[in-house]
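Each remark here refers to the structure printed beneath this line.
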Amino acid sequence: MSKAIFIFYMLSCEKLSVTLGANKTHILDEVTASFKTGAMNAVIGPSGCGKTTLVKSMLGLLPHTGTVRIEGDPVEDSADLLGHVAFAPQFSIAHPQLTVEEVLGYSLDLCVLDAGVKAERLASILDRIGLLDRRNTRVSSLSGGQLRRLGLGLELVGDPAGMVCDEVTSGLDPLSEDQILEMLIKLRDDRGKTFICIIHNLAKLDYFDWITVVFKGAVVFQGSLDELKAYFEIPDALHLYDVLNRREVSAWRAKWAEHLPRSDVPEEVPGSGKPSRIAMPGAIGQVGTLLKRRSLLFIRDRGYWMLTLGITLGFPFLVAIFALDGLPELRGLAMSSEGGFFEQLEDNLRFRIDALETASLVTGLILFQVILLTLIGSNNGAREIAGERVLYEKERFSGVQPVAYATSKLIFTSGIALLQGLWMAVFVKYVCDFPGPFVPQALILMLSCVSMTMVCLGFSALLGSEDKASLISVYLVGFQLPLSGVVLALPEALVWLCRPLINAYWGWAGYFGSMISTRFYDAYRLESSEYIPTPLISGSVLLIHCVIGAALVFWGCQQKRSI
Amino acid sequence: MWKRYVSISLGLGGSIASVLGQGVATTSPSYVAPAAQPTQIASQVPTGGMLESNTFLEMSDRVFNPNSDSLDFEEGSFNWKGRSFNLADQRAFRARFERFLLSTPSKESAEYAALMREIMDRLSVANSNNDETIQETWQLLFVAGEFDQDGGNSVVVANQVFNAWRIRKESRGTAMSQIELEELRRNQQEVVANRERMIRKLKERRERETSVETRKESAEAEGEGEIAGEAAFRALDLAETEAKLTALEARAAATGLQAKLQFQSQIVAFLTQRRFQHALLLSGFYQLLFKGSHQQLEVNSDELSAFFPNSDLSFTVDTLSYVSREAINDIDTGVEAITVAYNEGRKLVALERMQEIFFLGEYMPELDTISVVARREFLDLYRGMLEARELAEAKDYASVLEQAKKLGAIARDFPESRVIASVESAMSMSDMAVFAASQYRNIGEIDKAREELRNAIEIWPSNPSIRDFQRETTQLATAGSQGERVFDDLMARNDFRGIYERRMELGFGLAADTERKPQLMAVIDQVAKVDMLIAQARELDKQGERYAAWELLETARKIDSDDAPMNRALAELAPRVANFIGAVDKAQKHEANGEYAAALSAYMIAQDIYPASRICRIGIEVSANGLMRALAAENVVD
Amino acid sequence: MFAPTQSKNGKAVPILIGVIAFIVLIAAVVFLKGGRFAKLEALPVAQYLEGPTDFLGNEYALKAQIDSQLKWDKAIGRLVAVNVESGRHRLPVFVPAKIEQNLQTGQRYEMHVRVETGGLIYVEALRKY
């Protein structure tokens, strides 16, 4: 087909195949289809025939083979579709705690740079989706239909030329269904938008200009409703599936293959709405928006912030319990031997025992602090990304940059972690009266918390499910103690194999190292000549952990997950 | 304890011998006095040695004195029931006693005894005696006189009787008047009433008479009761009769009175000579011859007073015969007692009684009833006791013990164990004194040693330990004279151990050497210290503290590095503390060279081996000080 | 027409960052462990004890724990017995007065030492570890 023809097809594919699983079952088998610009395209077919797969793979949301073109240009990546085609998933993905206006507002903030445009669009979208009077209602309070409309509204934020709607009307009452379809038509008429809708309700086919029938992984018909009726020899579309089932897919394919060649001259189509290329905010702008939104969500999520506050404040108490009277006084050992030989031996022994006990207590407390902070960190990071992955994927499709997203997450969680670490340092220092310089100790503790947060955030980004990420994070926390080698002696070979990776060790070492001029350090050193890294080294290592964590986050955000 | 000390002159064995000899000589008088003063001895209890020897002597005196208490040889008298016999010569008595014990009763003596019995029976008042029988009896006396035992006394009796007869024949004439006088006197007895008057009269009369008679009458006058009465009578009679007799005597030269007097005096003589049988015989004849009358004794009042010192009997012939009979009875009883005691084994008691009885009844045939066996045993006992006494006096304790054993074997009641205990105690006392003397001698306190030795000798002169002591002292004295040379020699060679081994002799020899003695003491002290350290080290080593032991030996080595036992001990220990020694040696070398830092290191190594080391502690201190000083000097220079 | 307004953040980059970071981490740890006086040779304690004067003038690194103070002089410094980390022995070291640091029994120090006259171990500098 010539390019000229293609212009009339917003979206098309050639020999598109999607396989799944190890035995390579074809979900889509060399499908060739095209969708008209500025038209209401419907994609129908029995359940499990591959409608959603076709559409998603064309959007680049699923791996596929074959060519996909948008207005004639081949699509390499879903990013190519940005601004051209939006995707409205079946269930709207919006934070329940935000209001309709906020949801749309933030979405606009992420996609539109110009404030004026944003304001105008907001009003326009609200109006269009008919939620103007519900602008201040929380998403959690919306009805099903309203939610669908909001979903559509969210997709209109980027003012795309076309929109793919995945069963937007399914499950709604007929009135709502009609409302939505009406809305779509209005958009088509007013703005010349193209819609590709996957629908189940065959009764509403009359809303649609172009119908694509998918049957068992193959496109078996594309055309208008009338053409469909004629093709399938059915009085109305309701009989379609029965008729389909009478024949094998191969027969239908064959039939369609015969029918496929059509007139070169396409119908008159209204000029495709040129997608208005408005400036999108840069990554930094997006970061800011995301942070704002996250902060708002944090405040609004009572349960979450109470938990966070609880552990932030509570954990230092746990540490303090073991040293409510402050750290024990350590009697010193005389430098020069004045007393008799056996007196000296006795003194020596007494001192050694005292020293060991004290050293044990102090290192234990420090390690306890650090491990609690790692626990806090894991709590910060584990669910952060994995918990809203779908939304992220959707927003990413809408134009949110992974870097921005990752950065915003990193900043947000780290900020909390820093405060938590600082609070732990302050509290323990002044309640338990830990000696040593405050600044290095605080820095180390903050770094401990932050680095763990980032690493767990990384897991959150890398792992698909919230639960998995949570589990891995908890395991990681669990291994901090034994693999640190502070309390339990590791075999020589494993010590420096594990330690670099054990956050708690560096936190402990850095904190303890800061106490080098204190009697507690000396007490520890009495029996142990083991290398203790300086606070500087420990901090550096923790920083490296942060970097690794951040890298994991970026990498994870970079990964595509199915919506 | 030893208050009196005997001094010994040093270096001469001869002087010791003289002391010993002197000791012997001084013992006899020295202990008699204490023996006589038991109270004094008691108050001198603290003077141990002397008391013991005195006690022994007392005891020995008592134990070994065979003489009966009754026989007081000092005053030469034999006391028997308040009557004392003169014991002119104790030696002679002893000899006779022993002879008696040695003798065997012969047939002869039995015959003599029978004969005497017969004679006495014939003289008995129960017999109706006429002149003829008297004559026969008188003839028997001559038969008796032939026996040795008789001692011719029967003949004396016979002579007296004959004399009396002769005189009587001569004074027949006077006999009637004498008889009449006698009857008269008798009548007068009834007349006399007032005794006191009589006594007074008697007194007055006696004052006019001879002093002898006065004494007798005053003695008689002090008597009481019927005895006084009779005495008064007697006195009166006597006075009158005497007057008569005197008158009669004036008439005739040899009168019956004279015969009587002679008779009487002979009887008394027999009594005092303990010839009781003959006294009885004579008094028997007297009764017969001077029938009833003239019983009163008129003669030998002195003798009689001596004979009856406590008695106020008026002496008649009856009295004398009574006394004789009493004596004879006593002798009989005594012999019985002796036999009984002997049979019971209480021979000591028997011996004592034997002596008494012998003295009393020496001439009595009853003594022959004592068996020969008994006699011999008594003799053995007697002699043995005498001998033991001699030995005790000579303080030959060993022999005394032997003797005591023998005597104990003979007589059951001989206090053998007491003797043994006493002897042994005395012997040990002497030994202790010798020991003390040797100790004093060894440490050079010669005066004290002398005192002790004197004590020892005094107690037991023949103590063999004294000989040993003497020998030892001689040796030491010999050595002592060489002492100086030996000492100097050893000192020159620094052979302190050698000096120590000879310390006894050297101590003895150098006791008076004011220059060498302190040196000797110092050396002894030093070596003793080393020995003590060695012993302590050995003990520590046993406990497993070998390093501590080595340190002690090191200390000893500093005192005397050439001491052989110390070096031996060191050599034994060294392999087991080699590492420590090596370190210390190294350290000390460095220290000596002034390399204090190196010395410190080495000392520390040593101290790590043995943390309680004194040597290391001091070494570290010294080295550290040295080092600091050196650094200070450097500092100043810088 | 299609003008991407964001830079491509490929998958490769984060991985690369991560790996490099890890390597850097290990390297940093290993390197920094070295200690301040790493360029100095360690004092050969056994040989030194054999002959202290064999090492006169040489400079070494010594890691030891303070055992006791033998002597102190305000103007000069202090003589301290230390337990050498590597061996079982004790050594006397001299810390001059100019090093104003509190020394307590049990503390561990890394010392820069020089062997002075007579075999004295003179401490030039020390760092607590």
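The values are calculated or read from the model by the stated rules, or taken from the named source; none is laboratory data. As the structure is a computational prediction, the values presented were derived from the model and not from experiment. Glycine also receives a Cβ, built like all others from the backbone with ideal geometry; neighbour counts cover every protein chain displayed.
Restrict the check to the stretch A:58-68 and report whether at least one residue is free of Cβ contacts under 8 Å to residues at least 24 places away in the same chain and not basic (Lys, Arg). Checked the stretch A:58-68: at least one residue is free of Cβ contacts under 8 Å to residues at least 24 places away in the same chain and not basic (Lys, Arg).
Looking across the stretch A:518-531 at every residue that is within 8 Å of chain C (Cβ to nearest Cβ) and surrounded by fewer than 21 Cβ atoms within 10 Å (Cβ to Cβ), the one that is farthest from C:Val84 (Cα to Cα) is identified as A:Tyr531.
Restricting the stretch A:77-98 to residues that are part of a helix (DSSP H, G or I) and aliphatic (A, V, I, L, M) leaves a set whose member that is surrounded by the fewest Cβ atoms within 10 Å (Cβ to Cβ) is A:Ala79.
For the stretch C:99-129, the candidate set comprises residues that are within 19 Å of the chain's Cα centre (by Cα) and within 11 Å of chain B (Cβ to nearest Cβ); within that set, the residue that is farthest from A:Glu530 (Cα to Cα) is C:Val115.
Filtering A:Phe351, A:Phe368, A:Phe342 for residues that are modelled with pLDDT of 90 or more, over 30 Å from A:Asp80 (Cβ atoms), over 25 Å from the mean Cα position of the chain (by Cα) and assigned to a helix (DSSP H, G or I) leaves a single hit, A:Phe368. With B:Ala578, B:Ala598, B:Ala606, B:Ala556 as the choices, which residue is away from every other protein chain (no Cβ under 13 Å), crowded, with 19+ Cβ neighbours inside 10 Å and not hydroxyl-bearing (Ser, Thr, Tyr)? Going through B:Ala578, B:Ala598, B:Ala606, B:Ala556 in turn, just one is away from every other protein chain (no Cβ under 13 Å), crowded, with 19+ Cβ neighbours inside 10 Å and not hydroxyl-bearing (Ser, Thr, Tyr): B:Ala556.
Looking at B:Gly483, is it in a helix (DSSP H, G or I) and closer than 21 Å to B:Asp525 by Cβ? Spelling it out, B:Gly483 is indeed in a helix (DSSP H, G or I) and closer than 21 Å to B:Asp525 by Cβ. Among strands (runs of 3 or more DSSP E) entirely within the stretch A:157-267, having at least 2 residues that are closer than 30 Å to A:Cys111 by Cβ singles out A:162-166, A:194-198, A:210-215.
The rows are residues; the columns are (1) touching a residue at least 40 places away in the same chain (Cβ under 8 Å); (2) surrounded by 16 or more Cβ atoms within 10 Å (Cβ to Cβ); (3) among the aliphatic types (A, V, I, L, M).
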position: B:Ile357; (1), (2), (3): no, yes, yes
position: B:Ala398; (1), (2), (3): yes, no, yes
position: B:Ala411; (1), (2), (3): yes, yes, yes
position: B:Asp431; (1), (2), (3): no, yes, no
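Tell me which residues, restricted to the stretch C:81-94, are more than 8 Å from every other protein chain (Cβ to nearest Cβ) and either touching a Cys at 6+ places or on another chain (Cβ under 8 Å) or within 19 Å of B:Ala633 (Cα to Cα) (or both). Within the stretch C:81-94, C:Val93 is the sole residue that qualifies. You will find that of A:Ser378, A:Ser398, the residue that is over 12 Å from the mean Cα position of the chain (by Cα) and within 14 Å of another protein chain (Cβ to nearest Cβ) is A:Ser398 and no other.
In the stretch A:380-464, counting only helices (runs of 4 or more DSSP H) that sit wholly within it, the ones holding 1 or more residues that are in the same structural domain as A:Gly549 (by TED's automatic domain parsing) and of a type in the set (Lys, Arg) span A:389-398, A:402-432. A residue that is away from chain C (no Cβ under 11 Å) and part of a loop (DSSP other than H, G, I, E, B) occurs somewhere in the stretch A:492-506.
Just one of (1) at the interface with another protein chain (Cβ under 7 Å from one of its Cβ atoms); (2) part of a helix (DSSP H, G or I) fails for B:Ala612. It is (2).
Residues in the stretch B:440-480 that are surrounded by fewer than 20 Cβ atoms within 10 Å (Cβ to Cβ) and within 21 Å of B:Asp525 (Cβ to Cβ): B:Asn442, B:Ile443, B:Gly444, B:Glu445. Against the test of being surrounded by 18 or more Cβ atoms within 10 Å (Cβ to Cβ) and at pLDDT 85 or above, the options B:Ser171, B:Ser154 yield a single qualifying residue, B:Ser154.
Within the stretch A:540-547, one or more residues are of a type in the set (S, T, N, Q), within 9 Å of chain C (Cβ to nearest Cβ), under 22 Å from C:Lys128 (Cβ atoms) and crowded, with 18+ Cβ neighbours inside 10 Å. Within the stretch C:43-69, the set of residues being away from chain A (no Cβ under 14 Å), part of a strand (DSSP E or B) and not acidic (Asp, Glu) comprises C:Tyr60, C:Ala61.
Determine whether B:Ala549 is away from chain C (no Cβ under 14 Å), out of contact with any His (no Cβ under 8 Å at 6 or more places or on another chain) and crowded, with 24+ Cβ neighbours inside 10 Å. Judged against the criteria, B:Ala549 is a match. Of the residues making up the stretch A:548-563, those that are part of a loop (DSSP other than H, G, I, E, B) and within 9 Å of chain C (Cβ to nearest Cβ) number 1. Examine the stretch A:99-111 for a residue that is within 22 Å of A:Cys165 (Cβ to Cβ), part of a loop (DSSP other than H, G, I, E, B) and either more than 12 Å from chain C (Cβ to nearest Cβ) or among the acidic types (Asp, Glu) (or both), and state whether such a residue exists. The answer is no; no qualifying residue exists. Per this entry, A:Thr308 is not counted among residues that are touching an Asp or Glu at 6+ places or on another chain (Cβ under 7 Å), under 30 Å from A:Leu410 (Cα atoms) and modelled with pLDDT of 90 or more. Scanning the stretch B:476-517 for residues that are in contact (Cβ under 8 Å) with a residue 24 or more places away in the chain, within 18 Å of B:Asn442 (Cβ to Cβ) and polar (S, T, N, Q) yields B:Ser481, B:Gln482. If you check A:Ala119, A:Ala86 for being free of Cβ contacts under 8 Å to residues at least 12 places away in the same chain and not acidic (Asp, Glu), only one passes: A:Ala119.
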